[in-house]
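Asks: Here it is, the structure in full.
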Amino acid sequence: MKLAVVIVAVLLITLAQVRLYRRFWRRGLTVRLDFCQPAAVEGDTAQLKEIISNRQYLPLPVLHVKFQMGKHLIFTSSNNFKITDQNYRSDIFSCLPWQEIRRTLDFSCEKRGYYQISHADLVSYDLFFLDHFVASVPVDAAMYVYPGPADAVRLELPLKNLMGQILARQALLRDPFETQGIRPYQSYDPYKHVNWKATAHTGELQVNVYTPASSWQVILLLDTDSDRAWGDEDLTEESIRLCGSMAEYLIGQGVPVAVYSNGTDCLSGQPSRIEAGAGREHLKAIMELLARLQFAARTPLSVAALRAMAGIRYMTADYAERDGMADRSAASGSGSVSGQSVPPASNGGETSSDSSGTSSNGNKASQDGSGISSNNSDASRDGSYLPMEQLISFLLDAGDFGHTAGSAVYVLISPIRRKELSQEFDSLCLRSPGSQWIFPRRPDGLPPAVYPNHAQIYEWEVPYGRA
């Protein structure tokens, strides 16, 4: 009899604790995941902080915390994670009542991108492991990985020539009514620039230094396309590194820099663009834009998206007709714009991001944890892609480059050999002598089909195996 009573009591207690855990195991349980720094550079080591708080009276004998982030963030510890299309991590904790557990995980940043962790999955058990409980909690953790630096030795010559052009133009065009300082007289200075008052004060000839008549800027045109049918991700990544390194150097010299690219922003799905500016905050904005740049999906860009990028408010009849043709062709399944084959664009031509952010159509994007598409290296490249020459043409027709003509130097970073690109870029550089074309190529790659007449070209060899 006593044995039966004990058995019944044990069963009742067991069932009661199962019901108690089922109802209250999540109460007071919080999980936080935070990157210890908002940004890093390719090759750096960063840290992720896990904080688990069990603010209740129920102990949790086992708590699994599972989350995923971009596969290019590699944990230095080889335990508790698996990499397939993403980086999956599973940690096991045992939480006493009113206990907080903190853990810091080191990882290496193998590739640029915008990485997010949007949620964590929790699995726990009751005291006797008779039942398990599952929940998903939202997490808001994001981090930028900036592109790494390009080879500074090889980049020295293009940058010196570029700065020489800018300084020479500033020296030729000065505002005679605004001075920015006084310096000692040199043999090449005209006497009309002599400051006689300062000369009398110092006893030596002094001349006025006049402010440049216009603000010179550099416009970087970053081409993320590839001549190869299957693409060349390493070559495109090197182009992005070149763009970031040139922007960093020029802004450090006080030169305003703008960036235009035919790659899309992984968060907005729109073409990547940032207006000219200078200073540390502007450099940060450029680096963040390059980190969010995605290119492998080769998603079609609608004429509406191009107009939004170029800021076109009024369209000519020719462009209106092309836009109508594109819309009608998209409805029928295929079409062309200005001779370029364009497949139908879903969601109005906007692309969804593979990061944990939201896609441009407002729906939740598929979780990759990276600003770069999860199919960045394996994506099909048979979709229509905006060629750089067409982007330049749209921006010229929109007048976007018109107000900078004669006060800007253009730098094209592109591995494309097409004659049309060389001709279009050459026409852009007619009033901007000293413009450059940085041409990344493989050791066995061919030079451009046609060399531009009004721009310097620098071939940038990228050996195989460069990640």
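The values are calculated or read from the model by the stated rules, or taken from the named source; none is laboratory data. Remember, predicted model here, so these are calculated numbers, not experimental data. Here Cβ is always computed from backbone atoms with ideal geometry, including for glycine, and neighbour counts include all displayed protein chains.
Asks: Given the residues Arg280, Arg228, which is the only one that is outside the structural domain of Ser187 (by TED's automatic domain parsing) and under 14 Å from Pro415 (Cβ atoms)?
Replies: Going through Arg280, Arg228 in turn, the sole match is Arg228.
Asks: A further question on this structure: So, in segment 408-464, exactly how many residues are of a type in the set (S, T, N, Q) and not in a loop (DSSP other than H, G, I, E, B)?
Replies: Residues that pass the stated criteria total 6.
Asks: Which of the residues spanning segment 67-88 are modelled with pLDDT of 90 or more and under 30 Å from Phe24 (Cβ atoms)?
Replies: Result: Phe67, Gln68.
Asks: Here is a further query. Taking the criterion of being surrounded by 11 or more Cβ atoms within 10 Å (Cβ to Cβ), farther than 30 Å from Leu289 by Cβ, of a type outside the set (A, V, I, L, M) and in contact (Cβ under 8 Å) with a residue 40 or more places away in the chain, would at least one residue in segment 84-92 satisfy it?
Replies: yes
Asks: OK, next. For segment 435-450, give me the residue count where each residue is aromatic (Phe, Trp, Tyr) and surrounded by 24 or more Cβ atoms within 10 Å (Cβ to Cβ).
Replies: 1
Asks: Further question: Of the residues Gln390, Gln423, only one is more than 19 Å from Gln217 (Cβ to Cβ), buried (at least 20 other Cβ atoms within 10 Å of the Cβ), modelled with pLDDT of 55 or more and polar (S, T, N, Q); which?
Replies: Selected residue: Gln390, the only one of Gln390, Gln423 that is more than 19 Å from Gln217 (Cβ to Cβ), buried (at least 20 other Cβ atoms within 10 Å of the Cβ), modelled with pLDDT of 55 or more and polar (S, T, N, Q).
Asks: Let me ask something else. Scanning segment 97-152 for residues that are basic (Lys, Arg) and out of contact with any Phe, Trp or Tyr (no Cβ under 8 Å at 6 or more places or on another chain), which turns out surrounded by the most Cβ atoms within 10 Å (Cβ to Cβ)?
Replies: Only one residue tops the list, namely Lys111.
Asks: With (1) hydrophobic (A, V, I, L, M, F, W, C); (2) surrounded by 19 or more Cβ atoms within 10 Å (Cβ to Cβ); (3) modelled with pLDDT of 95 or more as the list, and Val41 as the residue in question, which single condition is left unmet?
Replies: Status for Val41: all satisfied but (2).
Asks: Which residue is nearest to the chain's Cα centre (by Cα), if the candidates are limited to segment 195-230 and must be at pLDDT below 85 and among the β-branched types (Val, Ile, Thr)?
Replies: The selected residue is Thr211.
Asks: Here's a follow-up. Given the structure, is Ile286 in contact (Cβ under 8 Å) with a residue 60 or more places away in the chain and closer than 20 Å to Pro149 by Cβ?
Replies: Judged against the criteria, Ile286 is not a match.
Asks: Could you go through segment 11-29 and let me know if any residue there is in the same structural domain as Gly113 (by TED's automatic domain parsing), assigned to a strand (DSSP E or B) and closer than 26 Å to His132 by Cβ.
Replies: Yes, some residue in segment 11-29 is in the same structural domain as Gly113 (by TED's automatic domain parsing), assigned to a strand (DSSP E or B) and closer than 26 Å to His132 by Cβ.
Asks: Among (1) over 15 Å from the mean Cα position of the chain (by Cα); (2) farther than 23 Å from Arg431 by Cα; (3) among the aliphatic types (A, V, I, L, M), where does Leu242 come up short?
Replies: That leaves (1) as the condition not met.
Asks: Inspect segment 21-34 for any residue being charged (D, E, K, R), under 23 Å from Tyr88 (Cα atoms), without any contact (Cβ under 8 Å) to a residue 60 or more places away in the chain and surrounded by fewer than 17 Cβ atoms within 10 Å (Cβ to Cβ) and give the result as yes or no.
Replies: No, that holds for no residue.
Residues checked against (1) under 30 Å from Ala16 (Cβ atoms); (2) under 24 Å from the mean Cα position of the chain (by Cα):
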| site | (1), (2) |
| --- | --- |
| Arg103 | no, no |
| Ser108 | no, yes |
| Tyr125 | yes, no |
| Val137 | yes, no |
| Val145 | no, yes |
| Leu155 | no, yes |
